[in-house]
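Data first, discussion second: the structure below is written as structure tokens.
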Amino acid sequence: KYEKSFSDEGTALRLVDSIERNAKHYIDVLSRAVDKVMPKETKEISFKDDVLDIIMSQREKRNESVMMAAENELDPSQPEGIFPAELTRRYTLVFKPITPVGSDSDRNTKALAVRNVRGEHLGHLITVRGITTRVSDVKPSVQVNAYTCDRCGYEIFQPVTSKQFTPMTECPSPECQQNNSKGQLFLSTRASKFLPFQEVKIQEMADQVPVGHIPRTLTVHCHGTLTRQINPGDVIDVAGIFLPTPYTGFKAIRAGLLTDTYLEAQHINQHKKAYDDLVFDAKTFRRIEQYKHSGHMYEYLSRSIAPEIYGHHDVKKALLLLLIGGVTKEMGDGMRIRGDINICLMGDPGVAKSQLLKYITKVAPRGVYTTGRGSSGVGLTAAVMRDPVTDEMVLEGGALVLADNGICCIDEFDKMDDGDRTAIHEVMEQQTISISKAGITTSLNARTSILAAANPLYGRYNPRISPVDNINLPAALLSRFDILFLMLDQPSRESD
């Protein structure tokens, strides 16, 4: 944790500025400092302990013996048989930006938009805000390679710091050098060190995109404990080191002198957490207890939904129940009854249907907003794509998959094509999406509530024809909506 602070004379401490400008170098410097002040073990290692603890203690003892032998020979160079520091560390050093409440720090803690990350930030520690669009699988990434010589049995270690490296082929041990035998090296995966690696794509928020521009994306590399913390659709603040990386494969041939950039994550702050992750203070708990004993909790909560919109009390109460959700029942014979409700708001133009959908998307911990005309069946369910990292065919979830355990709001529902509209039939009843494409046959979870807004036939509700003709939705789709509201705009000389 760090903070930019000031002394009494008003001069800023230069250390934090230096860390922010050259964070990668200071991680190495501070890691070496931590290695020196790390306390020794207080108990003897036995066979009952963790295997990794036993291996680490043996490696540290060997390092000490090699260093002692080197000091006795008065050799100032680094001995060859010593283990790299990356192999013996049981910790990961990261920088977590924080500004305590009430401090007089003037550090700009506002997160940058993806569009505002420029070349001047290369090597700097920055914070970027965006929405997660794609999350790769967690794969092991090598940090230290270990080789064993087939002639002399010598063990060689090679720290890996970049995406590309050249494996060692010849043994550099003194015995092989004297005999000129050139022993062959074999990679030992059990002695190597790997870290979990995950690649995340974040896209700038909709309110950060200028008029007429396309949202930009940024690649984030997560290592160690930062993996498996992000799901597609999450809004996050990522603090990390902005670094360049060369293109690989066929992209390198076409790229020429161009290089790609990525953000090496140091800390991740997730917005709009789930209800289980929320932490309330004592003051909030007291207000909840006060409202609970008043006996009007249902009225208070329903009125707090879109308070800028007058009226529609019954609609707001139904939207409150949509936000809270029900309990999914598992019957004894294996039948499953969904606990989430689906609501359709059918009404004339200008009765605040879209405003209610926007508000629900903003309030829900996991909400996705889309429109009927701009959505296809593949965009709502899932698409088969080729992963640029592993070059494998993978599934990329659409709006309904991103809204898993949340709410998917579909505006202009009546403007959707019939073929695209049938794609959500399975989601609304079974809450799964079945895919059989490109050799991939699976079912994705889509435990989401559908909130749809639509206009009647010919734009406005016609009282001269039946409600079924006005609604103009297929019976199979209409039966999957638990609540259907007709929001009519009654012309009145006094109130209009």
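So the values come out like this:
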{"item": "Unmet criterion (only one of (1) at pLDDT 90 or above; (2) of a type outside the set (S, T, N, Q); (3) surrounded by fewer than 18 Cβ atoms within 10 Å (Cβ to Cβ)) for Ala239", "result": "(3)"}
{"item": "Residues satisfying the stated conditions in region 159-181, i.e. free of Cβ contacts under 8 Å to residues at least 24 places away in the same chain, within 23 Å of Thr88 (Cα to Cα) and loosely packed, with under 14 Cβ neighbours inside 10 Å", "result": "Thr161, Phe165, Thr166, Pro167"}
{"item": "Region 182-213 - residue that is buried (at least 18 other Cβ atoms within 10 Å of the Cβ) and more than 21 Å from Thr261 (Cα to Cα) and, of those, farthest from the chain's Cα centre (by Cα)", "result": "Gly183"}
{"item": "Any hit, region 81-96, residues being of a type in the set (Lys, Arg), surrounded by 12 or more Cβ atoms within 10 Å (Cβ to Cβ), modelled with pLDDT of 70 or more and not in a loop (DSSP other than H, G, I, E, B)", "result": "no"}
{"item": "Every pair of residues 6+ apart whose Cβ atoms lie under 6 Å, when the first sits in region 476-493 and is closer than 16 Å to Ala454 by Cα while the second is acidic (Asp, Glu) and assigned to a helix (DSSP H, G or I)", "result": "Arg480/Glu429"}
{"item": "Residue under evaluation Ala453, criteria (1) surrounded by fewer than 18 Cβ atoms within 10 Å (Cβ to Cβ); (2) at pLDDT 85 or above; (3) hydrophobic (A, V, I, L, M, F, W, C), criterion not met", "result": "(1)"}
{"item": "Meets criteria (in contact with a strand residue (DSSP E or B) (Cβ under 7 Å, 6 or more places away or on another chain), touching a residue at least 12 places away in the same chain (Cβ under 8 Å), of a type in the set (Lys, Arg) and within 23 Å of Arg129 (Cβ to Cβ)) for Lys193", "result": "no"}
{"item": "Strands (runs of 3 or more DSSP E) lying entirely in region 292-388 (those with 3 or more residues that are crowded, with 19+ Cβ neighbours inside 10 Å and out of contact with any Gly (no Cβ under 9 Å at 6 or more places or on another chain))", "result": "343-347"}
{"item": "When residues of region 131-158 are limited to those that are of a type in the set (Val, Ile, Thr), touching a residue at least 40 places away in the same chain (Cβ under 8 Å) and part of a strand (DSSP E or B), the one nearest to Gln184 (Cα to Cα)", "result": "Thr148"}
{"item": "Residue match in region 411-425 (condition: among the polar types (S, T, N, Q) and either touching a strand residue (DSSP E or B) at 6+ places or on another chain (Cβ under 6 Å) or part of a strand (DSSP E or B) (or both))", "result": "no"}
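The values are calculated or read from the model by the stated rules, or taken from the named source; none is laboratory data. Just so you know, these numbers come straight off a predicted model, no measurement behind them. We place every Cβ from the backbone using ideal geometry, glycine too, and count neighbours over all the protein chains shown.
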